[in-house]
1. If you check Leu138, Leu215, which single one turns out to be assigned to a helix (DSSP H, G or I), hydrophobic (A, V, I, L, M, F, W, C) and at pLDDT 95 or above?
2. Among Ala183, Ala130, which is the only one that is under 30 Å from Glu82 (Cα atoms) and buried (at least 16 other Cβ atoms within 10 Å of the Cβ)?
3. Consider only pairs whose beta carbons are under 7 Å apart and that are at least six residues apart or on different chains; among these, list those whose first residue lies in segment 3-27 and is acidic (Asp, Glu) and whose second residue is in a loop (DSSP other than H, G, I, E, B).
4. Out of Asp96, Asp111, which single residue is under 20 Å from Leu69 (Cβ atoms), surrounded by fewer than 21 Cβ atoms within 10 Å (Cβ to Cβ) and in contact with a helix residue (DSSP H, G or I) (Cβ under 7 Å, 6 or more places away or on another chain)?
5. Residues of segment 77-88 being of a type outside the set (Gly, Ala, Ser) and surrounded by fewer than 24 Cβ atoms within 10 Å (Cβ to Cβ), which ones?
6. Pull up segment 280-305, narrow it to residues that are of a type in the set (Asp, Glu) and modelled with pLDDT under 95, then point me to the one that is surrounded by the fewest Cβ atoms within 10 Å (Cβ to Cβ).
7. Suppose the filter is hydrophobic (A, V, I, L, M, F, W, C), within 18 Å of the chain's Cα centre (by Cα) and either more than 14 Å from Leu138 (Cβ to Cβ) or not in a loop (DSSP other than H, G, I, E, B) (or both); does Ala227 pass it?
8. Name the strands (runs of 3 or more DSSP E) wholly within segment 42-113 that hold at least 2 residues that are modelled with pLDDT of 85 or more, closer than 27 Å to Pro260 by Cβ and assigned by TED's automatic domain parsing to the domain that holds Leu21?
Amino acid sequence: MSRGLEIAILGAVGLNGDNLLQLIGERGLPVARLHALDSGDYLGRKVDFGGKLVALDDYNNFAFNGVDLAIACSPLPPELIEQVREQGCTLIGPADAIPDAGDGSPPILADINGDHMDLAKGAAILAPSAVSSVLASLLSPLHDEAGLLEVNATWVGAVGNDGRRAVEGLAHETAQLLGGKPAKPRAYDEKIAFNLLARDGEKESSEFRSLWHSLWGDRLEFGFAYAVAPLFFGDLISLTLTLEQGMDEVAFRRVMRSVPWIKEAKAGKTFCLGSAGCVGGDSIRIGGVRALNERGDRFAFWAGVDGLRFGLALNLIKIAEILAKKLFISYS
């Protein structure tokens with residue numbers, strides 16, 4: 001007999017929590033009871049879940065006995081991670097939220113290696129970062145079809161990837177400057193409004209290389225640059241890559257569209273792929289595909305994605321769906 005899940009969202013007030021709560025409702029994950037948890041100044045607030053306001057509880061004083069899944073949206077204290085698992089609750093979260101909790105298991109990207117996760121109650125399941133998740137999802141069909149030798153990516157990211165404080169900082173700076181007033185940076189060392197900020201992408205690059213090796217076992221020549229743009233949400237990525245086996249542009253497009261999470265933007269008189277059109281979406285949009293040589297082994301293209309939603313929250317929900325199907329729910 002089927003039953004709904006009892007789920008706890010840890011860090012429910014943040015942007016990741018917003019996305020998770022929205023996706024649970026949109027995708028119909030069977031929930032019997034949902035606990036919205038956070039700590040500190042956020043306590044006393046309420047969050048929206050399916051049109052109903054759910055009061056926040058303090059995760060430091062919460063008993064996880066009887067809770068099926070806990071999904072971490074923000075970094076948790078080590079003692080809380082241990083408590084959740086000791087009480088038999090399966091814990092899901094990105095590596096920066098539940099560090100050292102994966103017991104040596106590789107991060108799980110539900111669409112690619114979701115059948116390799118630990119199904120034991122009380123397990124800790126790590127998910128890749130948003131950047132790594134998007135890049136692996138984007139490149140996986142090319143790896144499977146033709147092999148990849150080298151990838152260079154330039155990621156232009158929205159401030160939403162850095163949390164609610166960064167979003168509020170951009171809004172404040174923009175309003176101040178448009179009103180002819182000076183604006184001091186709030187979330188970054190420099191003002192972000194009407195600006196681009198270059199960032200050292202070594203952390204993201206290292207995380208992606210590690211994920212790639214855990215998924216496919218081979219090494220990839222990978223170059224990565226990251227810039228923060230004055231956008232609230234939505235990311236653009238410019239990619240150039242070298243394949244092991246060449247193909248023409250038609251075949252390249254066909255391979256990319258062979259997975260359900262990649263869509264090709266329609267080409268107009270002037271190609272334009274806007275990040276705004278990807279916000280709130282559950283796929284990656286590509287466009288501007290072009291071969292860079294006659295052999296057909298070097299290509300360049302653009303990709304647009306809501307990295308925060310697709311790369312992090314959606315993967316966490318897909319992991320929860322797999323666990324629900326295999327452990328808790330009968331879909332017969």
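1. Only one candidate passes the filter, namely Leu138.
2. Ala130
3. Glu6/Gly66; Glu6/Val67; Glu6/Asp68
4. The conditions single out Asp111.
5. The answer is Pro77, Pro78, Glu79, Leu80, Ile81, Glu82, Gln83, Arg85, Glu86, Gln87.
6. If we take residues in segment 280-305 being of a type in the set (Asp, Glu) and modelled with pLDDT under 95, then Glu294 is surrounded by the fewest Cβ atoms within 10 Å (Cβ to Cβ).
7. yes
8. 69-72, 90-94
The values are calculated or read from the model by the stated rules, or taken from the named source; none is laboratory data. It should be emphasised that the depicted structure is a prediction, and the values quoted were computed from it without experimental measurement. Cβ coordinates were reconstructed from backbone atoms using ideal geometry, including for glycine residues, and neighbour counts include every protein chain displayed.
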